[in-house]
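Inspection log for the structure reproduced underneath, given as C-alpha cells.
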Amino acid sequence: MKHFLSILDLKPTEAIDLVMRAKEMKVQDFRSDLLAGKVLAMIFEKASTRTRVSFEVGIRHLGGSTIFLTPADSQLGRSEPLKDTARVLSRYVQGMVVRTFAQRNVEDLARFGSIPVVNALTDLYHPCQVMSDMLTIYERTAHFEDLVIAWVGDGNNMAHSWINACVHFGFQLNLACPDGYMPNPAVLERALKMGARVFVQDDPRVAVQGAHFVNTDVWASMGQEAEQKKREKAFAGYCIDDDLLALADPSVKVLHCLPAHRGEEITEGVFEGPRSVVFDQAENRLHMQKAILEWIYS
C-alpha cells in the first residue's frame with residue numbers, strides 16, 4: 001500500500017516518471033475505470049477551491065467517487081482521536097485525501113488506517129502542488145538539472161516541498177526569505193544531506209539572479225490572518241515585480257500556487273503578464289493528481 005505524504009515518499013525515478021505520465025494524461029484528456037467501485041474520503045480542515053475541485057474531478061475521471069468531510073460535518077471537529085477516524089474510515093472507503101494543519105495528522109491517518117492517504121496540504125508540505133509545478137516546468141523544458149528556480153517569500157509548506165523536489169529533480173533552488181521566516185531547518189538539512197543544491201538567503205535580488213522560474217506565495221497563509229500587518233512589514237521588498245524580474249533569465253516564467261494577493265507578493269502587471277504561467281499551474285493540479293492516484297492504485 002502506498003501513501004503520498006511528501007515528495008520524498010517517491011523514489012527519484014518515480015518522481016520523474018510521474019511528471020511524464022501526468023503530461024501524457026493531459027495530452028490524452030485521460031479517463032479510466034481504475035477507481036471504479038472505489039470511494040475516497042476528502043477530509044478538509046482547510047477551505048479550498050483548486051485542491052478540492054481538481055481532486056474530485058480527477059477521481060471521477062478515474063471512475064471513482066468521493067465523500068467530502070469537514071470538521072463541521074464529522075467528528076473531526078469534536079476531538080475524536082485521529083487513530084479512531086482512520087480505523088473507522090478504512091472500513092468504509094478506499095482512500096483518504098487530506099487537507100489539514102499538522103503533518104502529524106496525515107501521518108497518523110496513514111499509520112492507523114489501512115487505506116492510502118494523500119497529503120492535499122499541511123502546514124509543513126504541499127507536495128501535490130509542487131509536483132504539479134514540476135509538470136508546468138516540464139512542459140517548457142525537460143532539462144531540470146540545468147535550471148535555476150527561485151523562491152521569494154515565506155519559508156512555508158510550499159518552500160519545504162520545493163526543497164524536497166530539488167532532491168529528486170536536481171535543479172538549483174535559491175530561496176529568499178526574511179529573518180524569522182526561514183524554512184524549517186530539519187527539512188533543509190535533510191535535503192542538503194541528500195545532495196540537493198539549495199541556497200538560502202534574505203535578499204530576493206540574489207535569489208532571482210539568472211533564475212529561469214521565479215516562484216512565490218501569499219505572505220499570510222490560511223490560519224495566519226492575524227499576522228497580516230506584521231508580515232507586511234517583514235516581507236517589504238519581497239514583491240515579484242518588473243524590477244526584480246529584470247535580474248532573472250530573459251526567458252523567466254513566474255509561478256504562483258494561488259490564491260494571489262496582487263500588490264503584495266506579486267504585482268498585477270506580472271501576474272497578468274506574458275511571463276506568468278499561474279493558470280497552467282492551476283490546470284496541472286488535475287493532471288498530476290490523476291497521475292499520483294494512478295501510481296497509488298495501480
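Considering only residues in region 176-226 that are of a type in the set (Val, Ile, Thr) and under 24 Å from residue 6 (Cβ atoms), the one that is surrounded by the fewest Cβ atoms within 10 Å (Cβ to Cβ) turns out to be 200. With respect to the conditions (1) at pLDDT 95 or above; (2) in contact with a strand residue (DSSP E or B) (Cβ under 6 Å, 6 or more places away or on another chain); (3) closer than 23 Å to residue 257 by Cβ, residue 50 falls short on a single one, namely (2).
Checking the stated criteria, residue 298 turns out to be loosely packed, with under 15 Cβ neighbours inside 10 Å and either more than 26 Å from residue 124 (Cβ to Cβ) or at pLDDT 95 or above (or both).
Only residues in region 112-141 that are over 19 Å from residue 184 (Cα atoms) and in the same structural domain as residue 49 (by TED's automatic domain parsing) count as the first member; pair them with residues that are in a helix (DSSP H, G or I) and among the small types (Gly, Ala, Ser), Cβ under 6 angstrom, at least 6 apart or cross-chain, and list the lot. These pairs meet every condition: 112/86; 113/86; 117/110.
Name the residues in region 206-234 that are within 29 Å of residue 144 (Cα to Cα), part of a loop (DSSP other than H, G, I, E, B) and of a type in the set (A, V, I, L, M, F, W, C), would you? Correct list: 208, 211, 218, 219. When residue 195 is tested against (1) at pLDDT below 95; (2) more than 28 Å from residue 49 (Cβ to Cβ); (3) not in a helix (DSSP H, G or I), just one condition goes unmet, and that condition is (1). Looking at this structure, is residue 289 assigned by TED's automatic domain parsing to the domain that holds residue 47, within 22 Å of residue 157 (Cβ to Cβ) and either free of Cβ contacts under 8 Å to residues at least 40 places away in the same chain or among the polar types (S, T, N, Q) (or both)? The answer is yes for residue 289. Count of region 255-284 residues, restricted to those that are more than 14 Å from residue 152 (Cβ to Cβ), in contact (Cβ under 8 Å) with a residue 12 or more places away in the chain and in a strand (DSSP E or B), is 1.
Each residue in region 193-224 was checked for being under 20 Å from the mean Cα position of the chain (by Cα) and free of Cβ contacts under 8 Å to residues at least 24 places away in the same chain, and 2 of them qualify. Residues that are under 18 Å from residue 149 (Cα atoms) and of a type in the set (Ser, Thr, Tyr) were ranked within region 235-287; the one that is surrounded by the most Cβ atoms within 10 Å (Cβ to Cβ) is 238. When 1, 25, 42 are checked against the criterion of being of a type in the set (A, V, I, L, M) and under 18 Å from residue 100 (Cβ atoms), 42 stands alone in meeting it.
The values are calculated or read from the model by the stated rules, or taken from the named source; none is laboratory data. These numbers come from a predicted model, not from an experiment. Here the Cβ is made from the backbone with ideal geometry for all residues, glycine too, and neighbour counts use every protein chain on show.
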